[in-house]
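K.L.:
Here's a structure for you.
The values are calculated or read from the model by the stated rules, or taken from the named source; none is laboratory data. Owing to the predicted nature of the structure, the values given are computational and were not obtained by experimental measurement. As a convention, Cβ positions derive from the backbone with ideal geometry for all residues, glycine included, and neighbour counts pool all protein chains shown.
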Amino acid sequence: MNDNEKLTIIPELKQNIEKIKEIAGGSSDLLVNEFITGDISCALLCCEGMLSTSVITQLVLEPITAIPHKNNVGELFDHIQKHLLLSTDRPTAGDYETLFRLINSGFAVLVAEGASSALAFGVQGYAARGIDEPSGEGNLMGAHEGFVETVRTNMSLIRRRLKTPELVQELLIKGDKSKTDICLCYMKDRVPQKLMNKIRSSLDKIRLESILSTGYIRPFVEDGRFELFSSTGTTERPDVVCSKLIEGRVAILVDGVPFAVIIPRLFCESFQTLDDYAFKPYYATFIRWIKYAAFVVSVLLPAVYAAIVMHHSELLNSTLFMLLVESEKQAPLSIITESMGVLLMYEVIREAGIRLPKPVGGAVSIVSGLIIGDAAVSSGLVSTPLLTITALAIISGFVVPDLNPAVTILRFSFLAAGGIFGLFGISLLACAVLANICATEDYGFPYTAPLSPFRKRGMGDTAIRTGMKKMQSRGFTVEEYHE
């Protein structure tokens, strides 16, 4: 932090303005408007593009300039505070650090001759993206509202759904340079106090210069041990956040990021969507088990195929065995090499489709599907069964997009284990993965709850999806797991 920012505000107006301009370094977006009101010299400071011109004119400039004669600046500030409602958000600043944070947050700041503090008025009006449907968490029957980049808008989306005074939204400021607003959201009657103290302690350890995404914060609120799956989750849906808050979780909103961080995260939640609660329980249970099966297929199918063909061909019937032999004898590479190559090519194509501009991104699927895929099979570089198996595994991974990073790495790991050691290698690696998942926890909450440790109350929304009448009397919260 600059030493000048730690100084208290200079009472002399001209020296004060000179110091403000010095700290700002001649930045062009700092606007300084000097005027006289109540026979006292004042200046209104603001940041261009961060406030609404019409609002500041009608609610601030006109009332302030109409103030009658005052004997001193104390009477002037007292009149403004007690007799003028210029804005609903009216903080004060006693030092230059606070003053610049308010200016750069869209506040209009009033400084006056003889005053060692400044009055700020919330007149934000910067450009922001409107509330739109979430891009990565689609649904059929739920709301079509997603978080935006403005943290206070996101706070209002949560408040609209939880109007209870038990909901607390606590604003913090993190980042030495960015001064990013971070909001802690929790239900004070549901969340364990020990959990809140631990989370605040973790956030106090942040010494970053800037916070530009949730990825800057998550390492500080997660266990430092190696974890295959993240013990914190993210969502861009306010209704999902509200459901987690009711269960006793904590959500963190970051200004400038349309995602919320959920603490703690449970493994079973990756297979749950809001649509599960809009359909009949039997259909929701059916869809949920499809997701469980898709996760297993996505991780293990290429590995099991390579292990059986290379090490355990006796498990195949004669007809299927001859078909695979006929297709594989034309391929010049081993099965494990082919599988690794196809999976790596998919990751390259996926990354290219994400990073390219949207008008060009469509060409990636055309080139990859019609040209590369067809040419690879026709030329004999890749066998048709292996390409089919790989495609099924990749498509199955789309069912649980939250787990995609872990699934991608596990797919390659299991493929290597299966290709080298067969089904024994797959079993051994599966035990290691299971042990890592069971050992994953965040602030004492097990990642595998309510499966391990087993809680019968939680099975009604994990193994199956019971009706809402039963769920309202058998609510599951994470509080019972807290140490």
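K.L.:
Please enumerate the residues belonging to region 240-283 that are charged (D, E, K, R), in contact with a helix residue (DSSP H, G or I) (Cβ under 6 Å, 6 or more places away or on another chain) and at pLDDT 90 or above.
P.N.:
255 - this is the single residue of region 240-283 that is charged (D, E, K, R), in contact with a helix residue (DSSP H, G or I) (Cβ under 6 Å, 6 or more places away or on another chain) and at pLDDT 90 or above.
K.L.:
Quick check on residue 202: is it surrounded by 15 or more Cβ atoms within 10 Å (Cβ to Cβ) and under 29 Å from residue 16 (Cβ atoms)?
P.N.:
no
K.L.:
Something else now. I need the full set of residues from region 393-432 which are of a type in the set (Gly, Ala, Ser) and assigned to a loop (DSSP other than H, G, I, E, B), in order please.
P.N.:
422
K.L.:
Within region 1-92, considering only helices (runs of 4 or more DSSP H) that don't extend past its boundaries, which have at least 3 residues that are without any contact (Cβ under 8 Å) to a residue 24 or more places away in the chain?
P.N.:
Passing ranges, in order: 13-24, 73-83.
K.L.:
Continuing with the same structure: Hey, can you tell me all the residues within region 108-125 that are touching a Gly at 6+ places or on another chain (Cβ under 6 Å) and within 30 Å of residue 235 (Cα to Cα)?
P.N.:
124 - this is the single residue of region 108-125 that is touching a Gly at 6+ places or on another chain (Cβ under 6 Å) and within 30 Å of residue 235 (Cα to Cα).
K.L.:
Ok, one more. Between a first residue in region 243-267 that is within 28 Å of residue 296 (Cβ to Cβ) and a second residue that is among the hydroxyl-bearing types (Ser, Thr, Tyr) and part of a helix (DSSP H, G or I), which pairs have beta carbons less than 7 Å apart while being 6 or more apart in sequence or on different chains?
P.N.:
Matching pairs, first to second residue: 259/214; 261/214.
K.L.:
Quick check on my filter: what residues within region 444-457 are touching a residue at least 24 places away in the same chain (Cβ under 8 Å) and not basic (Lys, Arg)?
P.N.:
Residues satisfying the conditions are 444, 445, 446, 447, 448, 449, 450, 451, 453.
K.L.:
Now, a different point. Out of region 129-151, which residues are at pLDDT 90 or above and part of a loop (DSSP other than H, G, I, E, B)?
P.N.:
Step one: of region 129-151, the residues at pLDDT 90 or above are 145-151.
Answer for region 129-151, where residues must be at pLDDT 90 or above and part of a loop (DSSP other than H, G, I, E, B): 145, 146, 147, 148, 149, 150.
K.L.:
When you scan region 183-265 for strands (runs of 3 or more DSSP E) that lie fully inside it, which ones turn up with 1 or more residues that are polar (S, T, N, Q), in contact with a strand residue (DSSP E or B) (Cβ under 6 Å, 6 or more places away or on another chain) and within 30 Å of residue 431 (Cα to Cα)?
P.N.:
Hits in region 183-265: 233-235.
K.L.:
What are the residues in region 430-443 that are without any contact (Cβ under 8 Å) to a residue 40 or more places away in the chain and farther than 19 Å from residue 292 by Cα, if any?
P.N.:
If the condition is that a residue be without any contact (Cβ under 8 Å) to a residue 40 or more places away in the chain and farther than 19 Å from residue 292 by Cα, then 432 is the only one that fits.
K.L.:
State all residues of region 439-470 that are acidic (Asp, Glu) and buried (at least 21 other Cβ atoms within 10 Å of the Cβ); if no residue qualifies, say none.
P.N.:
Passing the criteria: 442, 461.
K.L.:
Going by what's in this entry, would residue 108 be described as closer than 30 Å to residue 157 by Cα, without any contact (Cβ under 8 Å) to a residue 40 or more places away in the chain and not in a loop (DSSP other than H, G, I, E, B)?
P.N.:
Spelling it out, it is not the case that residue 108 is closer than 30 Å to residue 157 by Cα, without any contact (Cβ under 8 Å) to a residue 40 or more places away in the chain and not in a loop (DSSP other than H, G, I, E, B).
K.L.:
I'd like the residue in region 290-322 that is surrounded by fewer than 14 Cβ atoms within 10 Å (Cβ to Cβ) and at pLDDT below 85 and, out of all such residues, is nearest to residue 417 (Cα to Cα).
P.N.:
313
K.L.:
Going by the structure shown, is residue 327 among the hydroxyl-bearing types (Ser, Thr, Tyr), over 30 Å from residue 186 (Cβ atoms) and without any contact (Cβ under 8 Å) to a residue 40 or more places away in the chain?
P.N.:
Here the answer is no, as residue 327 does not meet what is asked.
K.L.:
Same structure again: Within region 268-284, how many residues turn out to be part of a loop (DSSP other than H, G, I, E, B) and in contact (Cβ under 8 Å) with a residue 24 or more places away in the chain?
P.N.:
4
K.L.:
Scan region 214-241 for residues that are within 10 Å of the chain's Cα centre (by Cα) and surrounded by fewer than 17 Cβ atoms within 10 Å (Cβ to Cβ) and jot them down.
P.N.:
Answer for region 214-241, where residues must be within 10 Å of the chain's Cα centre (by Cα) and surrounded by fewer than 17 Cβ atoms within 10 Å (Cβ to Cβ): just 215.
K.L.:
So, one more: It is to be established whether one or more residues within region 34-42 are among the charged types (D, E, K, R), outside the structural domain of residue 174 (by TED's automatic domain parsing) and under 30 Å from residue 174 (Cβ atoms).
P.N.:
No, region 34-42 contains no residue that is among the charged types (D, E, K, R), outside the structural domain of residue 174 (by TED's automatic domain parsing) and under 30 Å from residue 174 (Cβ atoms).
K.L.:
Name the single residue that is nearest to residue 42 (Cα to Cα) among those in region 111-128 being in a loop (DSSP other than H, G, I, E, B) and of a type outside the set (Ser, Thr, Tyr).
P.N.:
Top of the filtered list is 113.
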